[in-house]
Amino acid sequence: MVEQQLDGIPFRLKEPFDFGFVSRWGRIFQVFDDQDSGNICFGTEQNGERFFLKFAGAPTARYQRDPADAVERLRYAAGVYRDLKHPALIELLDTVETEGGFLTVFRWTDGVCMGKQYPESRKQFFTLPMEKREQVFADILDFHLMTAARGYVAVDFYDGSILYDFKQQKTVLCDIDFYQKRPFVNEMGRLWGSSRFMSPEEWEKGAEIDEISNVFLMGSVAFALFGGELDHAREKWMLDDRRYEVALRAVSPLRAQRFASLKELQTAWREERL
């Protein structure tokens, strides 16, 4: 393991790597090197504008496969971000092929992350008043309705993909790299993702992952925002009884008992607000 520095910011790699190309996007103010995805990420600033750079190709500290695999995955992900452009999705600005890999450039967000891996950020996220949390859920559901309409299914979406920009009062979604075009069959057994948000199909080799799987995902998000997450007890639910029943139906382990589509789920959820 070696330690490098860029603009005085240290980070770890398995072996040295030339990141000279990063300076095109200004001065680095933050490095995210503790990933197991094969990517290393940088926050940069230039002329008062900030960027989030995600790069694959370097021998990152925790990645156990060939960096070339991470490069192909990030190339694929860039296409997903282009196809699923949405007001709530972090904005992809550019992609660059480099001699040693592949770079994606996003607009920086100061959003606070809901993810459990960031406890201080998560604590701040949950200071959101209930009506703001409800808007976050509406934005997430709207994004996934668009995702379904464009022929994709969500894979590896979890609380770490959900941010809220308090200054702009805006939901920001990120980390959709593993979303898949339909039809998509689970060839792995346990798919990528957090077990707290995964449908039963995402554990079953040979199962199709489809919109009904994503209904389960949206129900899991609802319980994470408004309830006891994996504990579906009514006493931990913060909204009304009828929306509790909507969320509970969405996370049924039996596919036939869930809503048949995200639109059906959205309609039921909105009706419960009357």
Exercise for review: Sort out which residues of the range 132-157 are in contact with a Leu (Cβ under 7 Å, 6 or more places away or on another chain) and either among the small types (Gly, Ala, Ser) or without any contact (Cβ under 8 Å) to a residue 12 or more places away in the chain (or both), and write them in order of number.
Suggested key: Ala148, Ala154
Practice item. Scan the range 89-96 and give yes if some residue there is touching a Cys at 6+ places or on another chain (Cβ under 6 Å) and either assigned to a strand (DSSP E or B) or of a type in the set (Val, Ile, Thr) (or both), otherwise no. Key: yes
Point to revise | Hits in the range 193-228 (condition: within 17 Å of Met114 (Cβ to Cβ) and touching a His at 6+ places or on another chain (Cβ under 8 Å)) | key: Leu217, Met218, Phe223
Check your understanding: Which of (1) crowded, with 16+ Cβ neighbours inside 10 Å; (2) in contact (Cβ under 8 Å) with a residue 60 or more places away in the chain is the odd one out, the single condition Ala207 does not satisfy?
Key -> (2)
Revision key, fill the gap. Within the range 97-115, residues being closer than 28 Å to Ile140 by Cβ, part of a strand (DSSP E or B) and charged (D, E, K, R) number 1
Check your understanding: So which pairs qualify, if the first residue must be in the range 165-188 and crowded, with 20+ Cβ neighbours inside 10 Å and acidic (Asp, Glu), the second must be part of a loop (DSSP other than H, G, I, E, B) and at pLDDT 95 or above, the Cβ gap must be under 8 Å, and the two must be at least 6 apart or on different chains?
Key -> Asp177/Asp156
Study note, to complete from the structure: Trp192 vs (1) more than 19 Å from the chain's Cα centre (by Cα); (2) part of a loop (DSSP other than H, G, I, E, B): all pass except (1)
Revision key, fill the gap. In the range 62-82, anything of a type outside the set (Val, Ile, Thr) and surrounded by 17 or more Cβ atoms within 10 Å (Cβ to Cβ) is listed as Tyr63, Pro67, Ala70, Arg73, Leu74, Ala77, Ala78, Tyr81
Practice item. For the range 231-266, enumerate the residues that are within 14 Å of Leu141 (Cβ to Cβ) and surrounded by fewer than 20 Cβ atoms within 10 Å (Cβ to Cβ). Key: Ser261, Lys263, Glu264, Gln266
Check your understanding: How about the range 195-226: which of its residues are under 14 Å from the mean Cα position of the chain (by Cα) and not in a helix (DSSP H, G or I)?
Key -> Met198
Review point. Out of Val246, Val251, which single residue is touching a residue at least 12 places away in the same chain (Cβ under 8 Å), within 23 Å of the chain's Cα centre (by Cα) and either closer than 16 Å to Leu145 by Cβ or in the same structural domain as Ala138 (by TED's automatic domain parsing) (or both)?
Key: Val251
Exercise for review: Just need a number here: residues in the range 63-112 that are polar (S, T, N, Q) and without any contact (Cβ under 8 Å) to a residue 60 or more places away in the chain.
Suggested key: 3
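Do we have Thr109 as surrounded by fewer than 21 Cβ atoms within 10 Å (Cβ to Cβ), over 28 Å from Pro16 (Cα atoms) and among the hydroxyl-bearing types (Ser, Thr, Tyr) here?
On the way: surrounded by fewer than 21 Cβ atoms within 10 Å (Cβ to Cβ): yes; over 28 Å from Pro16 (Cα atoms): yes; among the hydroxyl-bearing types (Ser, Thr, Tyr): yes.
Answer is yes for this residue.
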Review point. Does the range 135-148 hold any residues that are crowded, with 18+ Cβ neighbours inside 10 Å and of a type in the set (D, E, K, R), and which are they?
Key: Asp139
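Considering the range 1-24 alone, what residues qualify as being among the aromatic types (Phe, Trp, Tyr) and part of a helix (DSSP H, G or I)?
Phe21
Condition check: modelled with pLDDT of 95 or more, more than 20 Å from Leu92 (Cα to Cα) and assigned to a loop (DSSP other than H, G, I, E, B). Does Lys167 satisfy that?
So Lys167 fits the description; yes.
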Practice item. Go through the range 233-274 and give me each residue that's over 18 Å from Glu134 (Cβ atoms), polar (S, T, N, Q) and in a helix (DSSP H, G or I). Key: Gln257
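The values are calculated or read from the model by the stated rules, or taken from the named source; none is laboratory data. Since this is a predicted model, take the numbers as computed values, not measurements. Here Cβ is always computed from backbone atoms with ideal geometry, including for glycine, and neighbour counts include all displayed protein chains.
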